[in-house]
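The block underneath contains the structure these notes are about, expressed in structure tokens.
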Ligand code: AMP
């Protein structure tokens, strides 16, 4: 077993250099090409002064160039930070400020965003810029230090590494309740441990053709990348634009002859609602996996009835515990739409614990807080020991501070047969269209606009594929004309579109509870009951 993520890929490049590693639209990259290009990039980065532990952010859509960039950064002993190319500059600024990258590597698609990013704050100007796209990066505030054409000047031979498996491989920024995204630090060992288990459990082989669907700033994407490239299989990058067209997603699975599909459930739900899966469709498909949120049973039944030749697995886990911590392969198509699918049992090297407020195990069948321990646990949040210590705590009853458990914020129960069930969140974190969102982050952005006297963001469950719908209740500032569309326009500058409320309600005063706090329960009920009524504007 290799210990660094890039070594998993190198081993396959030595075994099968001519085998296709990456497929994206008409573009293909072999294992040999991937290996050589990333070696060249690593040398270039080292020569440019990058040292072990330096952060290197990248603003490149999911393409072969992005995967070469990731491996090049790892091979330079550095830590990669994927930036969401569809995020507004204001949010990316917070991430750049937090992780202080030595380089930002971009492609032409991210150029105007990068230009906006570099326009303000002298601190960020220290960041160097490289270009890995085929086209040119231009902008008034951008000075490009190197481009993809320079790679040819560097040797493609293997390098020696200083990193060890306990060093950070990447930092993934997730929504933060106080308005600042949280950087989850993930080590090489965190990922390799999961990959080792998953490749064995799913029996991933060089003949596999595997989807790469989630965006690179979402931790699920690391399973696709390293699970595929450590098995000598082909990674088929799903073009983002297909996400809006369910029949094209189905066509992609068909024509790429995928053997494995992995995504958040909302994508599968969307495809089921559009009824794009035929009986016995996708004959090459062997496995369908989901993670990140509940896959409602009715669309699961839709998929299982149509694809009796496919195995279906529910993976559960937060970014802080790396990709997934538990799994459940559904043994047969549920007969009843009300059947609840468990999150199953712990993956190798991990444990799930359901504890009460005193950190004591609850009895089987009782609801408690879900904690995770084991090999997937992140060392913590980037430069935020306080936040880290609030959720990564020492296991009760042990003297070893390294024996930690992570409080997921999820509610769960374990039943007599040892299976765990997910029962919702204990806080205001939600999943909408598969994205992890802290409602507090939206509220902070809304308050910062100075357009409202009072505002609150709540979420309600919908039957639709979006999962939770984000609802905004607001009291406009006196003498200011505030409408849902003016709020939306202003919020667009601070938040990515997946965080935008889809339901709005105007109030003269927000409802309060006995303590004088905004009564969010009442607000949720109002939104729930007034869905579709005239009092509510839906944009
Ligand atoms: P993320 O860090 O984006 O992976 O989000 C982690 C959170 O997503 C978990 O704490 C759960 O609330 C939710 N989650 C992840 N996987 C599942 C699943 N299979 N079923 C239900 N909820 C899930």
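A few comments on the model shown:
- Of all the listed residues (257, 241), the sole one being away from the ligand (no atom under 16 Å from the Cβ), in a helix (DSSP H, G or I) and farther than 19 Å from residue 330 by Cα is 241.
- Members of the stretch 77-105 that are in contact (Cβ under 8 Å) with a residue 40 or more places away in the chain and assigned to a loop (DSSP other than H, G, I, E, B): 77, 83, 84, 86, 87, 88, 100, 101, 102
- Among the residues listed as 386, 337, the single one being assigned to a loop (DSSP other than H, G, I, E, B) and surrounded by fewer than 20 Cβ atoms within 10 Å (Cβ to Cβ): 337
Per-residue answers, yes or no, for (1) over 23 Å from residue 236 (Cβ atoms); (2) more than 22 Å from the chain's Cα centre (by Cα):
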residue: 33; (1), (2): no, yes
residue: 46; (1), (2): yes, yes
residue: 68; (1), (2): no, no
residue: 134; (1), (2): no, yes
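- When each of 403, 389 is tested for being farther than 24 Å from residue 3 by Cα and without any contact (Cβ under 8 Å) to a residue 40 or more places away in the chain, the lone residue that passes is 389.
- Test: residue in the stretch 225-237 that is crowded, with 19+ Cβ neighbours inside 10 Å, away from the ligand (no atom under 16 Å from the Cβ), at positive phi and assigned to a loop (DSSP other than H, G, I, E, B): yes
- For the stretch 209-226, residues that are within 22 Å of residue 254 (Cβ to Cβ) and touching a strand residue (DSSP E or B) at 6+ places or on another chain (Cβ under 6 Å) total 6.
- When residue 204 is tested against (1) in contact (Cβ under 8 Å) with a residue 60 or more places away in the chain; (2) on the phi < 0 side of the Ramachandran plot; (3) surrounded by 20 or more Cβ atoms within 10 Å (Cβ to Cβ), just one condition goes unmet, and that condition is (1).
- Checking every residue in the stretch 391-403 against the condition of being closer than 19 Å to residue 348 by Cβ, modelled with pLDDT of 95 or more, touching a strand residue (DSSP E or B) at 6+ places or on another chain (Cβ under 7 Å) and surrounded by 13 or more Cβ atoms within 10 Å (Cβ to Cβ) gives zero matches.
- Criterion (without any contact (Cβ under 8 Å) to a residue 60 or more places away in the chain, crowded, with 18+ Cβ neighbours inside 10 Å and under 29 Å from residue 371 (Cβ atoms)) met by exactly one of 517, 413: 413
- Positions within the stretch 198-224 being out of contact with any helix residue (DSSP H, G or I) (no Cβ under 6 Å at 6 or more places or on another chain), part of a helix (DSSP H, G or I) and within 16 Å of the ligand (Cβ to nearest atom), in sequence order: 201, 220, 221, 223, 224
- A count restricted to the stretch 428-461 and to residues that are touching a helix residue (DSSP H, G or I) at 6+ places or on another chain (Cβ under 7 Å), within 14 Å of the ligand (Cβ to nearest atom) and either closer than 15 Å to residue 292 by Cα or free of Cβ contacts under 8 Å to residues at least 40 places away in the same chain (or both) stands at 6.
- Considering residues of the stretch 303-332 that are assigned to a helix (DSSP H, G or I) and near the ligand (Cβ under 8 Å from one of its atoms) only, the residue surrounded by the most Cβ atoms within 10 Å (Cβ to Cβ): 320
Residues checked against (1) more than 25 Å from residue 62 (Cα to Cα); (2) in contact with a strand residue (DSSP E or B) (Cβ under 9 Å, 6 or more places away or on another chain); (3) modelled with pLDDT under 95:
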position: 244; (1), (2), (3): no, no, yes
position: 248; (1), (2), (3): no, no, no
position: 255; (1), (2), (3): no, no, no
position: 258; (1), (2), (3): no, yes, no
position: 266; (1), (2), (3): no, yes, yes
position: 286; (1), (2), (3): no, yes, no
position: 290; (1), (2), (3): no, yes, no
position: 311; (1), (2), (3): yes, yes, no
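- Residue in the stretch 409-424 that is closer than 30 Å to residue 167 by Cα, away from the ligand (no atom under 16 Å from the Cβ) and either over 19 Å from the mean Cα position of the chain (by Cα) or assigned to a helix (DSSP H, G or I) (or both) present: no
- For residue 299, the conditions (1) within 16 Å of the ligand (Cβ to nearest atom); (2) within 28 Å of residue 200 (Cβ to Cβ); (3) within 25 Å of the chain's Cα centre (by Cα) are fulfilled apart from (2).
- Qualifying residue in the stretch 15-26 (condition: touching a residue at least 24 places away in the same chain (Cβ under 8 Å), under 13 Å from residue 225 (Cα atoms) and surrounded by fewer than 20 Cβ atoms within 10 Å (Cβ to Cβ)): yes
- Residue 351 meets all of the listed conditions (1) within 15 Å of the ligand (Cβ to nearest atom); (2) part of a strand (DSSP E or B) but one, namely (1).
- Every residue from the stretch 464-505 that is at positive phi and either surrounded by 16 or more Cβ atoms within 10 Å (Cβ to Cβ) or in a strand (DSSP E or B) (or both): 467
- Exactly one residue out of 179, 156, 152 is touching a helix residue (DSSP H, G or I) at 6+ places or on another chain (Cβ under 9 Å), on the phi > 0 side of the Ramachandran plot and away from the ligand (no atom under 16 Å from the Cβ): that is 179.
- Residue in the stretch 106-116 that is under 26 Å from residue 52 (Cβ atoms), surrounded by 20 or more Cβ atoms within 10 Å (Cβ to Cβ) and at pLDDT 90 or above present: yes
The values are calculated or read from the model by the stated rules, or taken from the named source; none is laboratory data. Every value quoted in this text rests on a predicted model; they were computed, and no experiment measured them. With ideal geometry, Cβ positions are generated from the backbone for all residues, glycine too; neighbour counts draw on all protein chains shown.
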